[in-house]
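Here is the structure we will look at, set down as structure tokens.
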Amino acid sequence: MAVEVATLRQEVTELLQELIRIDTTNPPGNETRAAELLRDYLEDAGVSCELYAKIPERANLVARIPGRGDGPTLLFLSHTDVVLADASEWSADPFGGELRDGEVWGRGALDMKGQVAAEAVAIASLAREGFEPAGDLIFCATADEEVGAGFGAAWLCEAHGDAVRCDYLINEGSGDRVELGGNAYYLCSVSEKMSAPFRLRVHGRSGHASMPGIADNALVKAAPLIEALGAHKPEQQLIPEVEALIETVTGVRPTSPDEVLAQARGVAPLLAEMVEPLLSMTLSPTMANASQKRNVIPATCDVTVDSRLLPGMTTNEQQEIVRGILGDGDYELTSLEAHGGTRSEMRTPLWDAVSAWVETADPGAKPAPICVAGFTDSHWFREAFGTVAYGFFPSRAMPIETAARLIHSADERVPVEDLELGVSFLRHAAQSLLSS
Ligand SMILES: [Zn+2]
């Protein structure tokens with residue numbers, strides 16, 4: 001047994017190093033080489049693979065161990081693309097995949113080639129052992145998560161739904177071990193806020209800047225509107241995930257948002273920081289664009305507002321609130337996108353699998369549900385198939401604050417110990433959900 005564990009640790013480390021050495025910076029992505037590497041690795045273990053590509057350079061890989069009968073299906077989801085790395089900011093080659101002091105360095109180590117490698121090793125090792133799942137065990141490594149231009153999960157769910165339809169899904173998004181009030185918890189994300197940025201276009205009338213009286217300056221008119229958006233304190237509400245998180249940590253189910261913050265602060269500042277953005281929508285004006293010339297008074301001013309909605313809230317509700325804040329005026333609102341904002345049930349066999357693994361891997365620790373403030377590809381599967389999707393890739397060797405600082409940043413790296421922990425969890429999840 002010890003030999004097998006040591007082998008898997010080495011296997012996941014080497015596979016991750018190889019994946020990092022394939023530059024899949026998106027744009028342009030070029031994920032096909034990563035998909036082919038995974039296919040070669042998995043086929044050696046006897047796992048059948050299929051590449052699905054909207055254009056040849058941007059393939060998604062779907063691998064599967066077919067189920068014996070009509071048991072539930074479980075899909076390990078991940079993406080092979082990464083964000084840009086500026087080598088001058090790094091103290092290692094971002095595409096070198098170097099192993100240094102027990103950590104694998106490189107772009108994507110945390111987001112999320114580490115999990116790609118762990119998922120591949122989990123399914124490959126199960127296949128080698130002759131694992132016969134009740135329902136299909138599927139591994140899907142998609143292209144184009146970071147930009148979402150329509151080559152990855154969204155397209156796969158629509159164009160090849162039968163290949164990726166699943167009852168349960170494990171994805172990125174959470175899994176960090178945190179210590180709160182002297183106890184250890186592993187965060188498991190069961191829902192996500194919606195990313196719903198919009199454009200506020202303020203209208204005026206142009207004119208020469210030397211004669212401001214004849215014009216109506218859209219930039220000046222935008223100023224109080226921007227201020228009103230920035231000053232607005234959105235109404236707080238309690239979502240089920242926050243209730244459950246606070247109850248898990250404190251033993252007391254909160255009854256109001258105020259109580260949540262008080263309870264959270266009583267346990268740890270980290271907990272208060274985590275739940276605060278989960279109590280309301282957010283509105284953050286981030287970009288403004290008016291005249292292109294110093295001496296021309298602008299007829300329009302465009303303000304881009306980043307906005308995140310609680311799961312279940314719609315963009316219509318958002319726009320109504322924003323109109324209430326701005327009042328009547330010469331402006332219009334345009335929704336720029338609406339992604340995420342979905343949730344899965346918390347009491348499910350997948351939760352039980354997470355819970356049982358945590359108890360064994362880290363006696364005394366507990367899983368705790370969380371809604372993540374960002375969004376992942378999970379929502380495509382929830383929307384298309386009603387899939388129960390959780391973000392869970394356990395990590396305990398690297399503190400959550402360190403990981404948060406390294407994702408999409410310089411010197412991204414992952415401890416080998418956490419890769420091994422991930423493989424152990426994924427194997428456990430497949431065995432416990434698909435064995436009966
Ligand atoms: Zn990611």
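Given the options Glu417, Glu383, Glu412, name the one that is touching a residue at least 40 places away in the same chain (Cβ under 8 Å) and crowded, with 24+ Cβ neighbours inside 10 Å. Break it down stepwise before answering.
On the way: Glu417 fails: crowded, with 24+ Cβ neighbours inside 10 Å; Glu383 fails: crowded, with 24+ Cβ neighbours inside 10 Å.
Unique residue meeting the criteria: Glu412.
From the list Ala63, Ala45, Ala6, exactly one residue is assigned by TED's automatic domain parsing to the domain that holds Arg382 and surrounded by 20 or more Cβ atoms within 10 Å (Cβ to Cβ). Which is it?
Values: Ala45 fails: surrounded by 20 or more Cβ atoms within 10 Å (Cβ to Cβ); Ala6 fails: surrounded by 20 or more Cβ atoms within 10 Å (Cβ to Cβ).
Residue meeting the stated conditions: Ala63.
Taking the options Ala159, Ala127, Ala149, name whichever one is assigned by TED's automatic domain parsing to the domain that holds Glu383 and touching a Leu at 6+ places or on another chain (Cβ under 9 Å). Working first, answer last.
Details: Ala159 fails: touching a Leu at 6+ places or on another chain (Cβ under 9 Å); Ala149 fails: touching a Leu at 6+ places or on another chain (Cβ under 9 Å).
Only one candidate passes the filter, namely Ala127.
Which of the residues spanning the stretch 323-339 are loosely packed, with under 13 Cβ neighbours inside 10 Å and β-branched (Val, Ile, Thr)?
Let us first name the residues in the stretch 323-339 that are loosely packed, with under 13 Cβ neighbours inside 10 Å, namely 324, 327-328, 332, 334, 337.
If the condition is that a residue be loosely packed, with under 13 Cβ neighbours inside 10 Å and β-branched (Val, Ile, Thr), then Thr334 is the only one that fits.
Answer with yes or no whether Asp162 is touching a Gly at 6+ places or on another chain (Cβ under 7 Å), charged (D, E, K, R) and more than 18 Å from Ala403 (Cβ to Cβ). Write out each step before concluding.
Details: touching a Gly at 6+ places or on another chain (Cβ under 7 Å): no; charged (D, E, K, R): yes; more than 18 Å from Ala403 (Cβ to Cβ): yes.
No.
Take the stretch 36-72 and flag every residue that is assigned to a loop (DSSP other than H, G, I, E, B) and not hydrophobic (A, V, I, L, M, F, W, C).
As a first pass, look at the stretch 36-72 and keep what is assigned to a loop (DSSP other than H, G, I, E, B): 45-47, 54-58, 66-72.
Listed by number, the residues that qualify are Gly46, Lys54, Pro56, Glu57, Arg58, Pro66, Gly67, Arg68, Gly69, Asp70, Gly71, Pro72.
Are any residues in the stretch 22-52 of a type in the set (Gly, Ala, Ser) and in contact (Cβ under 8 Å) with a residue 24 or more places away in the chain, and if so, which ones? Steps first, please.
In the first step, residues of the stretch 22-52 are kept if they are of a type in the set (Gly, Ala, Ser); the result is 29, 34-35, 45-46, 48.
Matches in the stretch 22-52: Gly29, Ala34, Ala35, Ala45, Gly46.
Name the single residue that is farthest from the chain's Cα centre (by Cα) among those in the stretch 288-322 being surrounded by fewer than 17 Cβ atoms within 10 Å (Cβ to Cβ), assigned to a strand (DSSP E or B) and of a type in the set (Val, Ile, Thr).
Checking each candidate, the answer is Val296.
Taking the stated definitions as given, is Arg343 more than 26 Å from Gly102 (Cα to Cα) and within 16 Å of the chain's Cα centre (by Cα)?
yes
Show me the strands (runs of 3 or more DSSP E) found entirely inside the stretch 170-283 where at least 2 residues are of a type in the set (Lys, Arg) and away from the ligand (no atom under 16 Å from the Cβ). Break it down stepwise before answering.
Numbers: elements: 177-180, 183-192, 198-203.
Per the criteria, 198-203.
Would you point out the residue of the stretch 59-72, among those that are of a type in the set (Gly, Ala, Ser) and at pLDDT 95 or above, that is nearest to Glu36 (Cα to Cα)? Before the answer, list the steps.
Quick first cut of the stretch 59-72, residues of a type in the set (Gly, Ala, Ser) only: 59, 63, 67, 69, 71.
From what is left, the residues that are at pLDDT 95 or above are 59, 63, 67.
Details: Ala59: 9, Ala63: 12, Gly67: 24 Å.
This residue is Ala59.
Please note which strands (runs of 3 or more DSSP E) are completely contained in the stretch 354-424 and include at least 3 residues that are modelled with pLDDT of 95 or more and within 16 Å of the ligand (Cβ to nearest atom). Outline the logic, then answer.
Details: elements: 366-372, 388-391, 413-415.
In the stretch 354-424, 388-391 are the strands (runs of 3 or more DSSP E) which contain 3 or more residues that are modelled with pLDDT of 95 or more and within 16 Å of the ligand (Cβ to nearest atom).
The values are calculated or read from the model by the stated rules, or taken from the named source; none is laboratory data. The structure displayed is predicted, hence computed values, not measured ones. No Cβ is skipped: glycine too gets one built from the backbone with ideal geometry, and neighbour counts run over all protein chains shown.
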